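Readers should treat all values here as calculations from the given coordinates under stated rules, not as data from a laboratory. Predicted model only: the values in this text are computed from it and were never measured. Neighbour counts are summed over all protein chains in view; Cβ atoms, including those assigned to glycine, are modelled from backbone coordinates with ideal geometry.
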């Protein structure tokens, strides 16, 4: 029956040649090449759990209802339907809290896997010609993942997420000239507005997921079309790929990884509590939750807002508030530099050649130094996003800690970059790790052989 079905499909679509070519495609065996699959499978779990949650969530914050559910601490409290449906999902819908927490953990792992995957590509030079387009797609996926994570985090309309929305509104307003108009357009009028929750809901479940699916498809198509990158080693050249064929070895490996990722996310969702919105209560504009920390991927932005001094500039009749510099200018420069990096490096190194073999971090000391310095900068900002919690736990002055973090963020990245440069330069001529002796090698005619 299966054979007849395959023959029927092949007669109408001519898919056998494409399928055979796909099954012969060779993938490198190094563990770091599986980071992208972790992101992909986290996204699959996000889609599956998100479909379940959409059946019960009510994206409405335009009016108030009185809670009469099973959570006694909120009995009789006035709240929005969005918050009430989130509480109902957590306590009254079968498996609702488990699915909510799996969904939240999957979002955190999804963004973390993208970040680590991009770091691997950066430090190994996998963004160089002819892969600049895939690098741009990857950075765009990171931007979309962060935007969608923040949108989903803001939907419950609890006190913590409402505080985050208030910060987002202020950052948008701070942009010179277009800021107030953009904020009004996004939020449907002055803050607070009941329009923002249904708009974020549409963005979260429809617009951004659709863009992510399209970009992931384009990313995979380009990966299949181009030769896969690989680390240098005996038998590895710019014109072949050494590793495992798609069928059966890589297929077994990637399916196993899918099951491991899904099981790990289910374990996290079932055992480790995350985002307990019932503790925060419904959002009121006059209240702020404290201590308030966002999800990890927004921690660096929170830290930048807390560390930047209270400076304001007036130019051409416009006042540029201090929140603009850490809240809008810094992210713009960060992602602008990420998008432009392949072209910046190609211009400074005058390297226009095709690259299928990867660098080791020690092969490019300056790139490694810049990457380590930038990463250290954002890690310090991330720590600064919890300065109030740290000061409270250690029983030290919040002002003293803030001043110390300001000094660290301006000095330690340069020190870390210098140390990374020295280590990379010293290890640049070190021994190479030899790969396994028997491996599948992709040949120029599209087949593969064992060496």
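The table below lists the values:
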quantity	calculated
Simple label model, 7 Å out from Cα along Cβ direction - residue 37 to residue 186, nm	3.7
Least to most buried among 324, 343 (fewest other Cβ within 10 Å first)	343, 324
Cα gyration tensor of the range 269-366 - equivalent ellipsoid semi-axes, whole Å, descending	38, 26, 11
Per residue Cα convex hull volume in Å³ - calculated over the chain	201
Inter-probe distance in nm under a simple model that places probes 7 Å from Cα toward Cβ, at residue 407 and residue 278	4.6
Distance from the range 240-292 to the range 51-66 (C-alpha centre basis), Å	23
0 to 90° range, to nearest 10: angle between helix 365-384 axis and the chain longest Cα axis	20
Footprinting exposure proxy for 395, 84, 312, 345 (fewest neighbouring C-beta atoms within 10 Å first)	395, 312, 345, 84
Theoretical FRET efficiency, 1/(1+(r/R0)^6), r = Cβ-Cβ of residue 271 and residue 202, R0 41 Å, to 0.05	0.80
Rough spin-label spacing in nm, given labels placed 7 Å along Cα→Cβ, for residue 166 and residue 238	5.8
Space enclosed by the convex hull of the alpha-carbon atoms of the range 123-228, per residue, Å³	134
Residue 349-residue 92 FRET efficiency (beta carbon distance; Förster radius 60 Å; 0.05 resolution)	0.50
The range 43-173: mean projected area of Cα convex hull, nm²	10.1
Order by protection proxy (mean Cβ within 10 Å, highest first), peptides 109-116, 47-54	109-116, 47-54
Euclidean distance between Cα centres, the range 159-212 to the range 356-422, Å	30
Between 0 and 90°, nearest 10: helix 96-124 axis offset from the chain longest Cα axis	50
Helical mean residue ellipticity (222 nm; -39500 (n - 2.57) per DSSP H run of 4+; nearest 500) of the chain	-19500 deg cm²/dmol
Whether the range 287-443 is rounded, prolate or oblate, judged on the alpha carbon gyration tensor where a/c under 1.5 counts as rounded	prolate
Normalised contact order of the chain, rounded percent, pairs of Cα under 8 Å and 6 or more residues apart	22
Helix 330-349 vs. the chain, principal-axis angle (Cα, 0 to 90°, nearest 10)	20
Relative contact order [Cα under 8 Å, 6+ residues apart], the range 22-282, whole percent	33
Residues 9, 298, sorted so that the one with the fewest Cβ neighbours within 10 Å comes first	9, 298
For the range 298-431: relative contact order, % (alpha-carbon pairs under 8 angstrom, 6 or more apart)	36
Computed Rg/Rh of the range 22-282, alpha carbon atoms with Kirkwood Rh	1.05
Principal axes of the range 107-184: Cα extent on each, largest first, Å	42, 32, 15
